[in-house]
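Participant: My questions will all concern the structure given below.
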Amino acid sequence: MNTVDGLVIIIYFLLLIFVGILGSRRAKTSEDYIVAGRNLGFTMYLACLAAVILGGASTIGTARLGYEFGLSGLWLVSMLGLGIVVMGIFFSKKIFSLKVLTISQMLTERYNAQTGVISALVAAIYAMMVSVTQVIGMGTVLHVLLGWNLTFSMIIGGTIALSYTILGGMWSVTMTDIVQFIIMTIGIFAIMLPMSLSKAGGWSNLQAELPTSYFGINSIGGMEIFQYFLLFCLGMVVAQDIWQRLFTARTLKVARLGTLGAGIYSLFYAIAISIIGMCAFVAIPALNDPQTAFTSMALETLPTGILGIVLASVLSALMSTSSGTLLASSTLIVNDIIKPLVPSMSEKIFLKASRFTTLATGVVTMIFAVWIQDVLVALDVAYAVLSGSLFFPIVFGFFWRKATSKAAFFSILLSAAVILIGLVVQGITATEPIVYGLITSFISFVTISLTSKQTQISTNPKLPKKQSVS
């Protein structure tokens, strides 16, 4: 890579750190640090939500799928977008009205403290694993670009994202996300997509060079599409990092319209990145590692200066999701596990505990990234546990008055165990463990709820009556 492009990347990193420092000045209370004071308008909210959705797996992973399967590689990100649309239409009003900070806090109020704690553990592990995918992606990009050792590249990228997240929490994440959203939108849609098509000889040459299956919407396979639905569409509805972004909206209208807008943006992003992957297959047909399809295509296609901007756009997508999920994981641990043990915790101590926990989570994230080193594998594990364990307890908590605390607790416990055992036995890319987990969650939840009795009322007036065994 040319020195000019390297300077562009360095300037971009310095800009993020500077913006993060500015954001830290606004993080004076726990709500400032965790949900940006619940004060984001439509444009800022949409940009931040889209930025956290579209990270390493969305960019690096979808380009890889486009390289291997063609246009049907869009299903991964499309299911993320579909999940966001479903949330906007059916859940945004209910979630926004709760005025809580986490998914687990909602489950605590709807059911009991034990359910809140176990859900916090599950959701925190999910958020951390999503952050792992982003660190792997950052490492992959820097490794290809600069020729650095992959492990060292992961540590550098992860450390930069971790630094500004620790400084100002959600305000720093919000301010950097706006910069990142602008850069990634310009980099992908205005530069990388048209120049990739030009390098591959245009759409007509793609049709001539690529197998017919590359233009089929389902060539990736029906089972794979179904797996993406279970993992990503359902997962978006119950993901802490997504809820945490929704809590930053100033009004319900902002939350609903911004969520729908981010979902639609995700669909266009999915199409663009899949096509870039297809162009890479024509331009560089013998890649040793398809996971490098995007960065290799950028190096092959883009002129000096422009290359730096586009690669900064990829790093933008990666870092925005990494920072959001790091903050989500630390928020769950501090707010739903540590704080209940120290009910007298002051705002000052809460902020210190949040920053320290974010640091610890970031370090663990980088260790896992170095260990796993595969974007799609890490993402599958994260969403498998989240979707299979928390989807039904949350949905039933909103819509079914007979749902009980005992049912919620055991359905999370049993389904998580079934999924993890299934992933060990059948492999972490298998679809069946997720299905088994969802079935276990549904059956155990309904069965236990129907044999329990109502004894008390939820502490939150926006939630149905709490049910428990008398």
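The values are calculated or read from the model by the stated rules, or taken from the named source; none is laboratory data. Computed from a predicted model, the values in this text were never measured in an experiment. For neighbour counting, all protein chains shown are included, and Cβ atoms are generated from backbone atoms with ideal geometry for every residue, glycine included. Quick note on the areas: whole protein, heavy atoms, side chains included, nothing else; ligands and nucleic acids left out. Shrake-Rupley method; radii C 1.70, N 1.55, O 1.52, S 1.80 Å.
Participant: Rule-of-thumb check for the stretch 284-411: C-alpha Rg over 2.2 N^0.38 Å?
Facilitator: Normalised by 2.2 N^0.38 Å, the Cα Rg of the stretch 284-411 equals 1.48.
Participant: Over the residues of the stretch 1-86, compute the C-alpha Rg and express it relative to 2.2 N^0.38 Å.
Facilitator: 1.46
Participant: Measure off 7 Å from each Cα along the Cα-to-Cβ vector at ILE349 and THR43, then give the distance between these two points in nanometres to one decimal.
Facilitator: 4.2 nm
Participant: What distance in nm separates the two pseudo spin-label positions at TRP400 and GLU209, each 7 Å out from Cα along the beta-carbon direction?
Facilitator: 5.2 nm
Participant: Using a 1.4 angstrom probe with every protein chain in place, what is the largest-first accessible-area order of TRP400, TRP148, TRP371, TRP171?
Facilitator: From most exposed to least exposed: TRP371, TRP148, TRP400, TRP171.
Participant: How big, in percent, is the set of alpha carbon pairs in the stretch 228-308 lying more than 21 Å apart?
Facilitator: Of all Cα-Cα distances in the stretch 228-308, 52 percent exceed 21 Å.
Participant: Another question, then. Return P(r) of the stretch 55-134 (all Cα-Cα pairs; 10 Å bins starting at 0; whole %; ordered from short to long distances).
Facilitator: Taking every Cα pair in the stretch 55-134, the percentages come to 17, 30, 34, 16, 4.
Participant: If I model a spin label as a point 7 Å beyond the Cα along the Cα-Cβ vector, how far apart are those points for ILE439 and VAL363 in nm?
Facilitator: Placing both labels 7 Å along Cα→Cβ, they lie 4.3 nm apart.
Participant: Could you derive backbone 3J(HN,Hα) for the stretch 282-288 from the dihedral phi with the Karplus parameters 6.51, -1.76 and 1.60 (θ = phi - 60°), listing whole Hz in sequence and x where the residue is Gly or Pro?
Facilitator: So the Karplus estimates, Gly and Pro as x, are 6, 7, 9, x, 10, 5, 5 Hz.
Participant: At a 1.4 Å probe, what is the % contribution of carbon and sulfur to the accessible area of the chain?
Facilitator: Of all accessible area on the chain, carbon and sulfur atoms account for 69 percent.
Participant: Quick check: convex hull over the Cα atoms of the stretch 154-238, volume per residue in Å³, rounded to an integer?
Facilitator: 170 Å³
Participant: Quick one: Kirkwood hydrodynamic radius for the stretch 276-341, alpha-carbon pairs, angstrom, one decimal?
Facilitator: Evaluated over the stretch 276-341, this radius sits at 14.5 Å.
Participant: With the other protein chains left in place, how much accessible area per residue, in square angstrom, belongs to the chain at a 1.4 angstrom probe?
Facilitator: Per residue, the chain has 36 Å² of solvent-accessible surface.
Participant: With n ≥ 4 as the cut-off for DSSP H runs, can you work out [θ] at 222 nm for the chain, using -39500 (n - 2.57) per run divided by the number of residues, rounded to the nearest 500?
Facilitator: Computed mean residue ellipticity for the chain: -24000 deg cm²/dmol.
Participant: What order do LYS94, LYS352 take when sorted by accessible area (1.4 Å probe), most exposed first?
Facilitator: LYS352, LYS94
Participant: Report the dimensions of the chain along its three principal axes from the alpha-carbon atoms, largest first, rounded to Å.
Facilitator: 70, 49, 40
Participant: Looking only at Cα atoms, what is the convex hull volume of the stretch 96-207 per residue, in Å³?
Facilitator: Per residue, the Cα convex hull of the stretch 96-207 comes to 190 Å³.
Participant: Quick check: residue separation of LYS28 and ASN149 times 0.36 nm, minus the Cα distance between them. What number comes out in nm?
Facilitator: Result for the pair: 39.7 nm of gain on full extension.
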